[in-house]
Structure formats: structure tokens, C-alpha cells
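Data block below; observations after.
What follows draws every value from the coordinates through simple rules; no lab data is involved. The model shown is predicted, which means the values in this text are computed figures rather than measured ones. Cβ coordinates were reconstructed from backbone atoms using ideal geometry, including for glycine residues, and neighbour counts include every protein chain displayed.
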Amino acid sequence: MRKIIHIDMDAFYASVEQRDFPELRGLPVAVGRAEARSVVAAASYEARKYGVRSAMPSMQALRLCPDLHFQPARFEVYRSVSAQIRSIFLDYTDLVEPLSLDEAYLDVSRDKKGIGSATLIALEIKKRIREKTALTASAGVSYNKFLAKMASDYRKPNGIFVVEPHQAEAFIRPLPIEKFYGVGEVTARKFKEMGVHTGADLLKLSRNYLVSRFGKAGAYYYDIVRGIDDRPVEPERIRKSYSVENTYAEDIHDRFGLITELYHLEKRLAGMLERDGVAAKTVVLKVRYHDFTTQSRNHTFPYPVSGFDTLHPAVRMMRDQFPWQAKGIRLLGVGVQNLLPNNEIPHVVKQLSLF
């Protein structure tokens, strides 16, 4: 049986700002810009009391909290602090799977220091993070990734919660369905339409029924509500996609503007693919309109897409077939999936950029 810890920094970006700018401590803080077309990247706990959340439009956040203090994002600082925290993790295990700059899974089934107890390790890590960075973290401890992830959110901020095997069912049954890791807003709404509001409701549904309604994800939901999750902690996560997007200060209303902006995104994305020596089979096109409705389409091509010479015609074909709506565009995005490493890219595709 594994010993898994999930460490989640508390309001990470906002907490770094409050640490570095003492005048912000105790005040509602949002990382982002107080502009009409901007969104909140992170919110302090003082701001969350007003309903401010990440990904919320900045103007909406200001309406909820007129005294909200906006701080520009400093990602180079956040990455530096994240590296400090990761170095602490690696003192205990090499099995560290980062999910983002502010959270990670650790498998401490065999810890380097011979402590033996995942709970004691989690407490020691929390203490060392506080001493090294002046920031707090919350920890979840359990025998699998799902339960550790859920437990870390149970006593935030600066908390720790342990779910032992015999406690799993009692922990899961009362959980609101929207709190389940892996259940997004749309899926939660679908579950509620089915009469599923808690883990106890989900437990009543059979595997076959869930698979018929949700596909492969249905099997995942069937397992996790029973405390089953066999996914290992993967220290080297393989990148599965690349994407670039841009939110515009003014809506795009004309075809020329659309083509121009897509061209710029294609050049950025192609540069990333060429830099990393990868190609892809699937191209994704994403658009968000002024009313925040979002559409996306993907297409898998019979040839690998690598560099601008192959990406541009692929995007152009998708652009011409995309079901555009007659309203202003506030965001465009282009991405690729189904990646191929460099040694699997056909020679002819690599040579295209020479002509």
C-alpha cells in the first residue's frame, strides 16, 4: 500500500505578494490587472471571503470587493519559490510529481530519511516550507492520489488531513459531487440533473451505467468514490500538448483581424515546436466571444505538423471550416496534441522548412 502526500501551497501567488509587500498583509489581494479585459490569476483568502476567485473577470472581482488590491503577476518570482519548495520535497523522495508551481504529489512509501510515517513527513515538510519561504502549505495524506488530493483541501489554509484506508468511505460519502477531483463544472451539473449530489449518491450507480453516460471517465468515477485509485506518482510527466492563446483589449470583428491574429499565434506555436523538436498529429483551434461563450475544434491530420510550414495550412483549413459566430471575439487560441518526438518525425516533414 502506497503512502501518498499531496502538498498544496495556500493562495500561492497572492501569498507571495503579501510576503514581499508587507503593506498588503491582511488585505484582499488579487494577482492580475484591474482592467476590463483581464481576469484574476489568484486571490488571497481575504479576497475569497468576498467571493473573488481565480479566472474571474477583474471587473466582476472589483464589484464584489471594491477594496481589492491588484498586483501584477511576477512569474519569475513564483517559479523561483516553487524551485525552493521542490528542493525540500526531493530531500524525502525522488517520486515527486508536480501538478503546477504550487502543488505536487509525493510518494513516500520508501522515504530517503527512513522516517516511515507519511504524516510526520508531511508535517516536517510544512515546517521547512514555512522556515525557508515564509509561506504556508496544506497537506493531504492517504494511500492514493485521489484521496490525498481531496484531503489537502479539507483543512485549508495551513492544514493537514489524513485519510486512512478504513476511513475512506466515511470521508467520501458526504463530499459534494462538485468537490470531486476530476469532476468539472459541466460534469457536476450533469450529475445533479441525474440526482447525484454527493459521494453517497454516486455510490449507488453501477460501473456500466456510469460508463454509458460518461465513457471512460465513468469507470474513473466508479472507482474513486470507492477509494480506488491505482495511478502511480510519476516524477517525469510527459508533455501531451502545446498551446498559445491571446486575450484582446478590443474585440475582433473582421476577417482580416482574425487572420492576422491567428498568424501571430501560429508563429509563436511553431517556434515552440521547433525549439523542442516535436511534431503533432492533431491541431486545436479555440475561440472565446465577447459574451464569454467558448468554442473549440480539433482535427487530426494524416501528416505530422511541425513548424510554421505545416502548421499554417492546417490552421487555415480549420479556420475556413470553423463555425464562427457573428459576434466579437475576445480570445483566440491555437494548440497541438498527439505529439511525436523528433526521432519519429518523417524526414520529409523536417525538410519542408528548407524550401
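Points to keep in mind about this one:
- With Cα atoms defining each centre, the stretch 231-257 and the stretch 175-223 are spaced 27 Å apart in the structure.
- When the chain is described by a simple charge dipole with +1 on each Lys and Arg Cβ and -1 on each Asp and Glu Cβ, the residue from Ser15, Thr247, Val284 located farthest towards its positive end is Val284.
- Backbone N under 19 Å from the Gln167 label point (7 Å along Cα→Cβ), restricted to the stretch 108-135: 108-109, 116-127
- Partner lysines whose Cα lies under 17 Å from the Cα of Lys132, excluding those fewer than 8 positions away in the same chain, are not found.
- For the chain, averaging the sequence separation of C-alpha pairs within contact (under 8 Å, six or more residues apart) and dividing by the residue count gives a relative contact order of 13 percent.
- Rounded to 0.05, the FRET efficiency of the Leu62 and Ala326 pair, given R0 = 41 Å and the Cβ-Cβ distance, is 0.85.
- Using only alpha-carbon positions in the chain, the gyration tensor eigenvalues give semi-axes of 36, 27, 24 Å once each is multiplied by 5 and square-rooted (largest first).
- Helix 75-89 and the long axis of the chain differ in direction by around 40°, with both axes built from C-alpha atoms.
- Under a 5 Å amide H cut-off, with hydrogens placed 1.01 Å from N, Gly307 pairs with Glu274 among residues at least 5 apart or on other chains.
- Rough spin-label spacing in nm, given labels placed 7 Å along Cα→Cβ, for Lys216 and Leu27: 4.8 nm
- Each of Gly26, Tyr181, Pro302 was placed along the dipole of the chain (beta-carbon charges, centred on the mean Cα), and the one lying farthest toward the positive end is Tyr181.
- Solution diffusion estimate, µm²/s, Stokes-Einstein, the stretch 173-224, Kirkwood Rh from C-alpha pairs, 25 °C, viscosity 0.890 mPa s: 231 µm²/s
- For Leu90, no residue 5 or more places off, or on another chain, has a built amide H under 5 Å of its own.
- FRET efficiency, 1/(1 + (r/R0)^6) with R0 41 Å, evaluated for Lys192 and Ile115 via beta carbons: 0.45
- Relative to one another, the C-alpha centroids of the stretch 88-167 and the stretch 264-311 are positioned 36 Å apart.
- Pairs from the table (Lys145/Lys192; Lys113/Lys240; Lys192/Lys281; Lys49/Lys216; Lys113/Lys149; Lys126/Lys190) lying more than 31 angstrom apart at Cα are Lys113/Lys240; Lys192/Lys281; Lys49/Lys216; Lys126/Lys190.
- Placing +1 on the Cβ of every Lys and Arg and -1 on the Cβ of every Asp and Glu, with no other charges, gives the chain a dipole of roughly 520 debye about its Cα centre.
- Helix 255-276 axis versus longest C-alpha principal axis of the chain: approximately 60°, rounded to the nearest ten.
- Label-point gap, in nm, between Arg316 and His290 - each point 7 angstrom along Cα→Cβ: 3.0 nm
- Tyr209-Thr260 FRET efficiency (beta carbon distance; Förster radius 51 Å; 0.05 resolution): 0.55
- The length gained on full extension between Tyr303 and Ala134, counted as 0.36 nm times the residue separation minus their Cα-Cα distance, comes to 55.8 nm.
- Our estimate of slack between Asp91 and Lys240, defined as 0.36 nm per intervening residue step minus the Cα-Cα distance, is 50.8 nm.
- Mean Cβ count within 10 Å, highest first, over the residues of peptides 320-332, 216-228: 216-228, 320-332
- All-pairs alpha carbon distance profile, the stretch 13-74, 5 Å steps from 0, percent: 4, 25, 36, 23, 11, 1
- Proxy reagent accessibility, fewest Cβ within 10 Å first, across Ser82, Ser296: Ser296, Ser82
- For the peptides 244-250, 41-47, 120-126, the ranking by packing is 41-47, 120-126, 244-250, with the highest mean count of neighbouring Cβ atoms within 10 Å listed first.
- For peptides 9-18, 148-157, sequence by mean Cβ density within 10 Å, most packed first: 9-18, 148-157
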